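The values are calculated or read from the model by the stated rules, or taken from the named source; none is laboratory data. Everything quoted here is computed from the prediction, not taken from an experiment. We place every Cβ from the backbone using ideal geometry, glycine too, and count neighbours over all the protein chains shown.
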Amino acid sequence: MAKIRLRAFFSKYPVLDEMRVKFFVNLFTCIFDFFDGSYPILRCSSKASEEYLASGKQAILAIYHGRIIGMLRIVPDRSKVTILISHHRDGEVVARVAQQMGYSTARGSPTYKAVEGAMQMLKATQQGKSLMITVDGPRGPKYEVKSGVIRIAELAQIPIIPFVCRPLAGAFASWSWDWMMGGFWGCPMLYMVGDPIYVPADISDEKREEYRSYLEKSMERLRRLGANFWHQEDDTTFTKEKKPWTQPELAPVSKTPFQ
């Protein structure tokens, strides 16, 4: 209740609200700058995704809302990527931080100004930019892929590349809906990159759901393999205890909608 009252107080005074936004923008920018470049990256990519990304072609990078720490190093040139960010008040902070880091932004979400956000993303692709979308944002449930990313891939006719990161040591913000993850300074970060997913144009709603489900399972597979790589359990606190590596039980994803 205190948090709600505080937000309501700031919303009544635009000058104070702008000061609040600037404070958090500077704070988070400093935090990201502090971590950026501090951690070594271990990259596990499929052959198809490596070849596609190396070609410099456009793609839609599908990431989790709680794993946005990985966006720091997924592409060498941030100016060539546009990120979809919600119109929520906290989204304004995220958008400004992303812009200071070198990304361009589009504003919209499935619940508010979805069409406007999609049009901005499509315009960005026409300018030669790749896209980055938090597939379970802006409000979750966590790890549940929304259909918007499939629709944008269908309209833009560029592939979706699933991406999940996992640090060796860090912490989850278990009080937030997305379980925001952060790694400790200097800890290795694992990047898991899956096969490109091509969505044909003018498909039915049933097919769109099949692609959405396929993307969700693909990202779940990457997430669980990433945790297992560090001998950790998925969605638990990090542990220093080393356990024998075992192949996790994974949902089958071999049957794709385009087969």
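Residue by residue through region 74-105, note down the ones that are at pLDDT 90 or above, of a type in the set (Ser, Thr, Tyr) and in contact with a strand residue (DSSP E or B) (Cβ under 6 Å, 6 or more places away or on another chain).
Thr82, Tyr103, Ser104, Thr105
Residues checked against (1) farther than 21 Å from Gly56 by Cα; (2) out of contact with any Gly (no Cβ under 6 Å at 6 or more places or on another chain):
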residue	(1), (2)
Ala106	yes, no
Lys123	no, yes
Leu131	no, yes
Pro141	yes, yes
Trp175	yes, yes
Asp178	yes, no
Tyr191	no, yes
Gly194	no, yes
Glu210	yes, yes
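Can you name the residue in region 156-193 that is part of a loop (DSSP other than H, G, I, E, B) and modelled with pLDDT of 95 or more and is also surrounded by the fewest Cβ atoms within 10 Å (Cβ to Cβ) among such residues? Spell out how you get there, then give the answer.
If we filter region 156-193 for residues that are part of a loop (DSSP other than H, G, I, E, B), which is where we start, we get 157-159, 168-169, 174-179, 184-188.
Of the ones still in play, those that are also modelled with pLDDT of 95 or more are 157-159.
Details: Gln157: 12, Ile158: 18, Pro159: 18.
Checking each candidate, the answer is Gln157.
Output the number of the condition that Leu61 fails; it satisfies all remaining conditions of (1) under 27 Å from Asp235 (Cβ atoms); (2) modelled with pLDDT under 90; (3) not hydroxyl-bearing (Ser, Thr, Tyr).
Condition not satisfied by Leu61: (2).
What are the residues in region 90-113 that are in contact with a helix residue (DSSP H, G or I) (Cβ under 7 Å, 6 or more places away or on another chain) and part of a helix (DSSP H, G or I), if any?
Glu92, Val93, Arg96, Val97, Gln100
Being at pLDDT 50 or above and exposed (fewer than 15 other Cβ atoms within 10 Å of the Cβ) is the filter; apply it to region 218-240 and report the residue that is farthest from Gly66 (Cα to Cα). Walk me through how you get there before you give the answer.
Step one: list which residues in region 218-240 are at pLDDT 50 or above, which gives 218-239.
Next cut, exposed (fewer than 15 other Cβ atoms within 10 Å of the Cβ) only: 233-234, 236-237, 239.
On the way: Glu233: 16, Asp234: 13, Thr236: 14, Thr237: 14, Thr239: 19 Å.
The selected residue is Thr239.
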